[in-house]
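> The following block contains the structure, expressed as structure tokens.
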Amino acid sequence: MNKAEVKTRVTPPGLVPGVVSIALMLLVWTVASQMTDRPQTLPAPWQVAARIYALAASGELWFHAGMTLYRVACSFALAMVVGTALGLWMGRSRSADQWLNPALIIMLNVPALVVIVLSYIWIGLNETAAIIAVALNKIPVVTVMIREGTRALRPDLDEMAAAFRMSRMDRLRHVVLPQLAPQIAASARAGISLIWKIVLVVEFLGRSNGVGFKLHMLFSSFDVAGVLAWALAFVAVMLAIDLLILRPWEARANRWRSDAA
Amino acid sequence: MQLDLIGKSYGPNQVLGPIRLSLTRGQRLAILGPSGMGKSTLLRIVAGLDPQFSGSITGDDRLALIFQEPTLLPWRNATQNITIPTGCSVAQAHEWMARVGLPAHHNHFPRQMSLGQQRRLALARAFAAQPDILLMDEPFASLDGETAARMIALTSELLSGTGAGLLLVTHDPNEARALEARPLRLGGNPAQIQG
């Protein structure tokens with residue numbers, strides 16, 4: 001083991017700049033909040049922290065963050081399953097790609113807000129509409145990433161599977177999906193950050209609970225400390241999910257590639 | 001297995017045929033010829049990997065194919081590389097690994113094995129499929145002389161032990177001789193069996 005390896009084990013690369021950068025942002029925020037003469041426009045960091053503490057202690061934070069997380073999880077699962085299936089199909093079949101590609105390009109360019117408004121009008125102001133609206137915004141992105149990965153699948157392994165008459169399920173499980181794991185993991189990580197932002201918009205426009213709904217209430221009363229408290233608390237939740245679940249999973253999915261090199 | 005190939009074309013160019021071949025258990029045939037002659041195409045047709053040809057293949061023999069490269073699943077270990085494609089049991093996979101000289105490699109991933117060991121694993125996989133006829137496409141081409149000789153001896157021993165037939169595609173007549181396979185030379189345009 002060489003020196004560089006020992007060093008990376010003690011402090012993960014980028015940790016020190018990351019901590020310093022966050023500390024600097026807090027410093028700028030503190031200075032700015034002290035310079036303004038209207039504390040309700042930009043409250044100090046400790047005022048926001050006290051608000052987060054109060055929300056957590058009352059249980060309100062967990063209920064609404066839980067509702068938002070539930071919507072994030074449902075739309076994420078729906079978008080990943082449908083997007084992966086479409087991407088596989090379009091990557092494998094030239095004619096499917098030619099027929100579906102125009103719709104895909106249109107869907108990639110329709111603003112999220114339009115999809116949300118139309119879903120609420122056509123399906124109704126309910127949970128199904130909310131989850132479908134979010135998933136519809138994400139599916140095209142997943143589809144594109146999986147399609148590119150599918151085009152790069154190894155033809156020799158495909159032939160091996162065909163020569164040994166492997167079943168479709170076995171081929172998908174043991175030959176195709178392991179090759180797509182890096183694309184699936186990357187689109188999952190990119191997707192979760194996009195999805196939670198859209199979920200807040202969906203809640204803002206048409207739900208009666210969740211972080212987005214709370215932001216709507218606080219917006220009506222121009223309560224900046226409340227808006228910042230909810231936003232920062234939920235950012236922390238999503239960062240924890242990214243660091244503790246998605247990153248380790250992505251590293252695992254990519255392991256055989258780096259080892260094989 | 002009976003192949004009655006009328007012709008195989010790429011666009012307007014007929015590259016193969018007419019070719020008639022028949023092969024049963026215990027028989028060994030080698031298709032010889034320079035590269036680019038269509039030997040691999042012929043083998044792919046026999047293996048059922050290329051349905052775009054005119055003619056017919058009859059017979060219900062079980063076939064197993066050994067490719068130019070080992071074509072193992074890098075994300076599955078050696079045992080799974082046999083059980084998943086062939087559907088055989090773990091015990092059978094281990095038995096075949098022992099017979100090809102890999103008794104201690106059950107949990108190794110392909111990347112942890114040398115090319116020679118990967119070749120032997122591919123051989124074990126093919127025999128675990130219990131083929132009536134083994135199809136081999138230039139299987140010794142990228143091996144050094146000594147490793148190739150050992151692989152040929154091992155292949156011959158397993159063929160005799162199981163009674164499987166062999167259809168070998170190679171550019172090297174010595175390989176055909178070493179495997180005691182009857183040589184058939186492919187040549188001409190479109191390529192046919194000569195003589």
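Read-outs: derived from the displayed coordinates by stated rules, not from any lab. The structure displayed is predicted, hence computed values, not measured ones. Reconstructed Cβ throughout: ideal geometry from the backbone, glycine too, with neighbour counts over all protein chains shown.
> Return P(r) of the protein assembly as shown (all Cα-Cα pairs; 10 Å bins starting at 0; whole %; ordered from short to long distances).
4, 15, 19, 18, 14, 12, 9, 6, 2, 0, 0
> While we're looking at this one, here's another question. So how do B:Ile133, A:Ile121, A:Ile184 line up by other beta-carbon neighbours within 10 Å, fewest first?
With the fewest neighbours first, B:Ile133, A:Ile121, A:Ile184 line up as A:Ile121, A:Ile184, B:Ile133.
> Please rank A:Ile139, B:Ile82, fewest neighbouring Cβ atoms within 10 Å first, as an exposure proxy.
With the fewest neighbours first, A:Ile139, B:Ile82 line up as A:Ile139, B:Ile82.
> Moving on. Looking at the range B:1-63 from every direction and averaging, what is the projected area of its Cα convex hull in nm²?
Averaged projected hull area, Cα only: 4.4 nm².
> A follow-up question, please. Would you mind checking the tilt of helix A:112-123 against the longest principal axis of the Cα atoms of chain A, expressed as 0 to 90 degrees and rounded to 10?
Between the helix axis and the principal axis of chain A, the angle is about 80 degrees.
> Report the Stokes-Einstein translational diffusion coefficient (µm² s⁻¹, integer) for the range A:189-246, Rh taken as the Kirkwood radius over Cα pairs, at 20 °C with viscosity 1.002 mPa s.
180
> Given the DSSP H assignment, sum -39500 (n - 2.57) over each helix run of at least 4 residues in the protein assembly as shown and divide by its residue total; what's the result at 222 nm in deg cm²/dmol, nearest 500?
On the way: 18 runs with 276 residues, N = 456.
My calculation for the protein assembly as shown gives -20000 deg cm²/dmol from helical runs alone.
> How many lysine pairs does the protein assembly as shown hold where the Cα atoms are under 29 Å apart and the two sit 8 or more places apart or on different chains?
Values: A:Lys138/A:Lys197; A:Lys138/A:Lys214; A:Lys197/A:Lys214; B:Lys8/B:Lys39.
So the count works out to 4.
> Beyond 33 Å, what share of the Cα-Cα pairs of the range A:51-260 is found? Please give it as a whole percent.
Numbers: 5683 of 21945 pairs.
Percent of Cα pairs beyond 33 Å in the range A:51-260: 26.
> Packing-wise, with mean Cβ within 10 Å as the measure, how do A:28-37, A:190-199 rank, highest first?
With the highest mean Cβ count within 10 Å placed first, the list reads A:190-199, A:28-37.
> Identify, among A:Pro43, A:Gly124, A:Ala73, the residue whose Cα sits farthest towards the positive end of the charge dipole of the range A:19-144, taking +1 on the Cβ of Lys and Arg and -1 on the Cβ of Asp and Glu, with the dipole about the Cα centre.
My answer, from the dipole projection, is A:Ala73.
> As an exercise, take the mean of 1/r over every pair of distinct alpha carbons in chain B, invert it, and state the Kirkwood radius in angstroms. Don't skip to the end; give the middle numbers.
On the way: mean 1/r = 0.0582 Å⁻¹.
Final number for the Kirkwood radius of chain B is 17.2 Å.
> Run the numbers on chain A and let me know its relative contact order in percent, using alpha-carbon pairs under 8 Å that are six or more apart.
25
> Gap in Å between the Cα centre of the range B:130-147 and the Cα centre of the range A:123-185?
About 34 Å separates the Cα centre of the range A:123-185 from the one of the range B:130-147.
> Let me ask you something else. Shielding of B:80-90 by partners, i.e. mean partner chain Cβ atoms within 10 Å per residue?
If you average over the peptide's residues, the count of other-chain Cβ atoms is 3.
> Over the alpha-carbon set of the range B:90-195, work out the extent along each principal axis and list the three values in angstrom, largest first.
Principal-axis extents of the Cα atoms in the range B:90-195, largest first: 48, 28, 22 Å.
> Determine the shielding of peptide A:98-108 by partner chains: average, over its residues, the number of Cβ atoms on other chains within 10 angstrom of each Cβ.
If you average over the peptide's residues, the count of other-chain Cβ atoms is 0.
> Determine, for A:Lys214, B:Lys39, the number of other Cβ atoms within 10 Å of each Cβ, and report the residues in order from fewest to most.
Arranged by neighbour count, lowest to highest, A:Lys214, B:Lys39 become B:Lys39, A:Lys214.
> Determine the shielding of peptide B:71-78 by partner chains: average, over its residues, the number of Cβ atoms on other chains within 10 angstrom of each Cβ. Please list the in-between numbers first.
Numbers: counts 8, 2, 9, 8, 11, 4, 0, 0.
Average per residue, whole number: 5.
> Which one of A:Val176, A:Phe213, A:Leu244 has its Cα pushed farthest toward the positive end of the charge dipole of the range A:51-260, where Lys and Arg give +1 and Asp and Glu give -1 at the Cβ?
A:Val176
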